[in-house]
Amino acid sequence: MITLTLEPADDLIDVPRQVRVSGAVPGQGVTLRTRTARAGVTWTSAATFVADATGTVDLSRDAPVSGSYAGVAPMGLIWSQVPEVAGKRELFNQNVTEPLVTTVSAEVGGGTGAGVAEATLVQRLAAEGVTRTEVREDGLVGTLYLPPGPGPHPAVLILNGSGGGINEPRAALYASRGYAAFAQGYFKAPGLSDYISNTPLEMFKQGMDWLRRTVRPLHDFVAISGQSRGGELVLLLGATYPEDVSAVVAYVPGAVVHSGQNAADPAVGREGPAWLLGGKPVPHVWENNRTATWKPFDEGPAPHRHERAILTALEDPDAVARARIPVERIQGPVILLSATDDGSWPSSLYSRMVRDKLAETRHPYPVEWLDYQDGGHLILFPYVPTTQHVYAHPVSGKISTSGGTPHDNARADAESWSGVLRFLKDAVAARAARTKEQA
């Protein structure tokens, strides 16, 4: 009789698991399969291994001989999952406090009798005691997640990218790791515009002020975390409101201000402004640009690489200079997370530009840059499927690729999250030390 062991069977989503089969005949083929319901859609994976001399298969040690992934990957059966319904990309349940439940089965000898074992793997975004509160006040739209216990806790404001909406999964996981996390929506959220065009930066200042008043963060620490357009946005906010931002977490960011692009209001156009400050458009790289063209993105067969159009805009040095985010104004530590095969825009190049400017101006706070070779634009957190990098943009509908490979995207997910948690821990400690010195 074979035995399938998952350890730990039930834990937070960012915790790696040991998957082990014992009791097989040495040299026997063992097939592992998974099934997970994600927002009502079943995602599956399968891989076949060869039992060792003791009749054991251990995914932290053994590579499959065939199946959904290759190489040694302890969580490969999760990140290699694909949806049974083509085009589905939602990784989490609509209520993110509901855990993801995966059925894992092991089969030998044709899968009959003693040759079958089954176990359940539970991945949680919200730890026990984490609370969720919808926010619809002071003109704000978002969701606040608080860690267990009375606090105070350091805080993080979380901003989504060009898909809009409210990033509850990341907020729930931040709260599970000890941060008061406010996921603020700014378009494609209840009561807000469907488009990114003409978004006032003041609404995020209002979000930070509300977060401070509401949770009274530990050491008055409020970090801002965003990805893609949100990565551009957090750098811009750090430069615009430096006294309000304790640390910047910029996933696949832009180093320059961009236009509305694919998330633009059709009435404004993709070359119209995304951000306003004081009621006036913030200068962006497409504005009066002598080299920019959408042709490399628009033309040819799908999937399209948005990055190719962005590169044409970066050929005009004057336009880049006018649109450059003045990151040297940021008054706190910065972490940049990027990938070399980013199909959406050149996040690796952009991160280098930011890092170099901060080095040039002798930024007095820590600056970290984690750049992932052959990774793509969709850097999230462990351990989620990374197979669906071709997609229809949620606003424009354009069939595009975010780039990367499933294996390299999975590595970026795992390593970036541990890097961000370490960065924030150090940033909070440094803030506490400065507060003590000033007391």
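The values are calculated or read from the model by the stated rules, or taken from the named source; none is laboratory data. Because the structure is predicted, anything quoted here is derived from the model rather than measured. Note that we place each Cβ from the backbone using ideal geometry, even for glycine, and neighbour counts take in every protein chain shown. We work out accessible area using only protein heavy atoms, side chains counted, and drop any ligands, DNA or RNA first. Shrake-Rupley method; radii C 1.70, N 1.55, O 1.52, S 1.80 Å.
For Asp316, Asp408, Asp11, give me the order by solvent-accessible area with a 1.4 Å probe, most accessible first, ignoring ligands, DNA and RNA.
Asp11, Asp408, Asp316
For Glu118 and Asp10, calculate 0.36 nm times their separation in residues minus their Cα-Cα distance, and state this gained length in nm to one decimal.
Working: separation 108, 0.36 × 108 = 38.88 nm, distance 1.49 nm.
This chain segment gains 37.4 nm when fully extended.
Compute the distance in nm between two label points, each set 7 Å from the Cα along the Cα-to-Cβ direction, one at Arg362 and one at Val101.
Simple spin-label model gives 6.0 nm for this pair.
Explain nothing, just the number: dipole magnitude of the chain about its Cα centre with +1 on each Lys and Arg Cβ and -1 on each Asp and Glu Cβ, in debye rounded to the nearest 20. Numbers along the way, then the final one.
On the way: 39 positive and 46 negative charges, 102 e Å.
Using only the charged Cβ atoms, the result is roughly 500 debye.
Might you tell me the accessible area per residue for the stretch 131-438, computed with a 1.4 Å probe and given in Å²?
Values: 11610 Å² over 308 residues.
Here the residues of the stretch 131-438 average 38 Å² of exposed surface.
Using a 1.4 Å probe on the protein chains only, how many percent of the accessible area of the stretch 131-438 belongs to carbon and sulfur? Intermediate values should be presented prior to the final figure.
Values: 5840 of 11610 Å².
Result for the stretch 131-438: 50 percent of the exposed heavy-atom area is carbon or sulfur.
Go ahead and set up a Gaussian network model of the chain, Cα springs under 10 Å, then flag whichever of Thr36, Thr56, Thr386 fluctuates most.
Highest fluctuation among the options: Thr56.
Between Ala267 and Glu137, take the C-beta separation as r, use R0 = 45 Å, and let me know the FRET efficiency to the nearest 0.05. All intermediate terms of the calculation are to be shown ahead of the outcome.
Working: r = 29 Å, r/R0 = 0.65.
Efficiency computed from Cβ-Cβ geometry: 0.95.
Would you calculate a helix-derived [θ] at 222 nm for the chain, using -39,500 (n - 2.57) for each DSSP H run of n ≥ 4 and dividing by the full residue count, to the nearest 500? All intermediate terms of the calculation are to be shown ahead of the outcome.
Values: 9 runs with 105 residues, N = 439.
One gets -7500 deg cm²/dmol as the mean residue ellipticity at 222 nm.
As I understand it, the dipole of the stretch 131-438 uses +1 on the Cβ of Lys and Arg and -1 on the Cβ of Asp and Glu, about the Cα centre. Which of Gly142, Leu337, Val215 lies farthest toward its positive end?
Farthest along the dipole direction, towards plus: Val215.
Read phi for every residue in the stretch 81-86 and hand back ³J(HN,Hα) as whole Hz from Karplus 6.51 cos²θ - 1.76 cosθ + 1.60, θ = phi - 60°, with x for Gly and Pro.
Karplus-based 3J(HN,Hα) across the stretch 81-86 equals 4, 10, x, 6, 9, 4 Hz.
Please list the equivalent ellipsoid semi-axes of the stretch 3-124, computed as the square roots of five times the alpha-carbon gyration tensor eigenvalues, in descending order and whole angstrom. Don't skip to the answer; put the middle values down first.
Numbers: eigenvalues 128, 42, 33 Å².
Equivalent ellipsoid of the stretch 3-124: 25, 15, 13 Å, largest first.
Just tell me which lysines come within less than 28 Å, Cα to Cα, of Lys205; anything on the same chain fewer than 8 places away is out.
Once the sequence-local lysines are set aside, what remains near Lys205 is Lys188, Lys280, Lys357, Lys425, Lys436.
Towards the positive end of the charge dipole of the stretch 164-256, with charges on Cβ (+1 Lys, Arg; -1 Asp, Glu), say which of Leu173, Gly230, Ile196 has the farthest Cα.
Leu173
Any idea which of Val85, Phe297, Thr361 is furthest toward the positive side of the dipole for the chain, if Lys and Arg beta-carbons carry +1 and Asp and Glu beta-carbons -1?
Toward the positive end, the furthest listed residue is Thr361.
Report the residue, chosen from Ile399, Ile325, Ile196, that carries the largest GNM mean-square fluctuation when the chain is represented by alpha-carbon nodes joined by springs under 10 Å.
Maximum fluctuation in the GNM of the chain, among the listed residues, is at Ile399.
Given the options Ala274, Ala302, Ala180, which has the most mean-square fluctuation in a GNM of the chain, springs set between C-alpha atoms less than 10 angstrom apart?
So, out of Ala274, Ala302, Ala180, the one fluctuating most is Ala302.
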